[in-house]
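The values are calculated or read from the model by the stated rules, or taken from the named source; none is laboratory data. Everything quoted here is computed from the prediction, not taken from an experiment. Note that we place each Cβ from the backbone using ideal geometry, even for glycine, and neighbour counts take in every protein chain shown.
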Amino acid sequence: MIFTIVGGLFSAVIAAFLVALLMQLASKIVCKQAIDYGDAWKTAFFAIAGSRLIKIGWAATSMETTWFLELPVQLVLWTILISAIIGIDIARSLAIAAVMLAMTWLIFFVAVMLPIGLAS
């Protein structure tokens, strides 16, 4: 149990390093100014940890089909955390979260799903 928690936190730290770069790029696209990397990393870490806690809660309630709920919940979670931690208004934080999640899912599709589809 403890190794699962430590491993989850370790992977959240590593993922936050990468997602913080995407958040900086998304803020550069939306606000024409990149946010500080430390704030971006802190926001990414809390959002990834929160997302995993939500998934654990869904698993505990035995909701099997939650894939269609994940993206809207992540968008709301990222919007709230960007607005609270970085101090950007809700409209801009919603735009940053949407651009960042779109880039994340695009990278995931190109790096993971496309090679699987081509291999089969």
Of the candidates F45, F68, the one satisfying the condition of being surrounded by 13 or more Cβ atoms within 10 Å (Cβ to Cβ), among the aromatic types (F, W, Y) and either out of contact with any Leu (no Cβ under 7 Å at 6 or more places or on another chain) or touching a residue at least 60 places away in the same chain (Cβ under 8 Å) (or both) is F45
Give just the number: which of (1) more than 28 Å from T4 (Cα to Cα); (2) at pLDDT 95 or above does K32 not satisfy?
-> (2)
Just to be sure, is L9 farther than 23 Å from S93 by Cα, out of contact with any Lys or Arg (no Cβ under 9 Å at 6 or more places or on another chain), assigned to a helix (DSSP H, G or I) and not β-branched (V, I, T)?
-> yes
Only one of V19, V6 is β-branched (V, I, T) and either surrounded by 12 or more Cβ atoms within 10 Å (Cβ to Cβ) or in contact (Cβ under 8 Å) with a residue 60 or more places away in the chain (or both), namely V19
Restricting attention to the stretch 68-78, does a residue exist that is out of contact with any helix residue (DSSP H, G or I) (no Cβ under 9 Å at 6 or more places or on another chain), closer than 30 Å to M1 by Cα and of a type outside the set (A, V, I, L, M, F, W, C)?
-> yes
Unique residue being modelled with pLDDT of 90 or more, of a type outside the set (G, A, S), in a helix (DSSP H, G or I) and within 23 Å of F17 (Cα to Cα) when the list is M113, M103 = M103
Scan A95, A59 and give me the residue that is at pLDDT 75 or above and among the hydrophobic types (A, V, I, L, M, F, W, C).
-> A95
